[in-house]
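Down below is the structure, laid out as structure tokens.
The values are calculated or read from the model by the stated rules, or taken from the named source; none is laboratory data. Worth saying up front: this structure is predicted, and the values here are computed from it rather than measured. Cβ coordinates were reconstructed from backbone atoms using ideal geometry, including for glycine residues, and neighbour counts include every protein chain displayed. Side chains are part of the model used for accessible areas, which takes the heavy atoms of the whole protein and leaves out ligands, DNA and RNA. Shrake-Rupley method; radii C 1.70, N 1.55, O 1.52, S 1.80 Å.
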Amino acid sequence: MAWALLILGGCFEVGFTTCLRYVDGFRNIPWTFGFLASVALSMGLLELASRSIPMGTAYAVWGGIGALGTVIVGMIWFGEPFTLVRSLLILGVVGCIAGLKLTAH
């Protein structure tokens, strides 16, 4: 269950980074509320997961999911470059996240 919470928290991290693109100095109220809600949920889920998963592992996986998801959102919705090198680096992040999960006690 802790791993599911951690993955969901990582997804909300992607949500707050995506919202951050639109908050416009926190003047765009709907996006600001989306940002704040996503941050609260993401951090709350990370805290819950870290009760069962070692903190270093939980934080690395949470951050990796957020980084990976944010890169993918950037490429799909915001026209950021999709290159072979970026794709290989993304696969490296996925491999590291999987490795951390497999080695967690």
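So what's the back-of-envelope 222 nm ellipticity for the chain, counting only DSSP H runs of four-plus at -39500 (n - 2.57) apiece and dividing by all residues, rounded to 500?
Values: 4 runs with 83 residues, N = 105.
It lands at -27500 deg cm²/dmol.
Of the residues GLU80, GLU47, GLU13, which exhibits the maximal mean-square fluctuation in a Gaussian network model of the chain defined by a 10 Å Cα contact cut-off?
Greatest mean-square fluctuation among the candidates belongs to GLU80.
Keeping all protein chains in place and using 1.4 angstrom, which order do MET43, MET75, MET1 fall into by accessible surface area, from largest down? Intermediate results must be reported in sequence, preceding the final value.
Values: MET43 90, MET75 30, MET1 170 Å².
Largest accessible area first, the residues go MET1, MET43, MET75.
Can you give the relative contact order of the chain as a percent, counting alpha carbon pairs under 8 Å and 6+ residues apart? Write down the numbers at each step before the final one.
Values: 108 pairs, mean separation 34.3, N = 105.
It rounds to 33 percent for the chain.
Got a sec? What order do TRP3, TRP77, TRP31, TRP62 fall in by accessible area at 1.4 Å, biggest, i.e. largest, first? Write down the numbers at each step before the final one.
Values: TRP3 55, TRP77 175, TRP31 100, TRP62 15 Å².
So, going from the largest accessible area down, we get TRP77, TRP31, TRP3, TRP62.
Along the Cα→Cβ direction, 7 angstrom out, place labels at MET55 and LEU84. What is the inter-label distance in nm?
My value for the distance between the label points is 4.3 nm.
Through the Karplus equation 6.51 cos²θ - 1.76 cosθ + 1.60, θ set to phi - 60°, convert the phi angles of the range 41-58 into ³J(HN,Hα) values in whole Hz; use x for Gly and Pro.
Each residue's phi maps through the Karplus curve to give 5, 4, 5, x, 5, 4, 4, 4, 5, 6, 6, 10, 9, x, 4, x, 5, 4 Hz.
State the percentage of accessible surface on the range 56-105 attributable to carbon and sulfur atoms; use a 1.4 Å probe and exclude ligands, DNA and RNA. If you can, show how the numbers build up before the last one.
Working: 2430 of 3120 Å².
Here it works out to 78 percent.
How much accessible area per residue does the chain have, counting only protein heavy atoms and a probe of 1.4 Å, in square angstrom? Mind dumping the intermediate values first?
Numbers: 6350 Å² over 105 residues.
It amounts to 60 Å² per residue over the chain.
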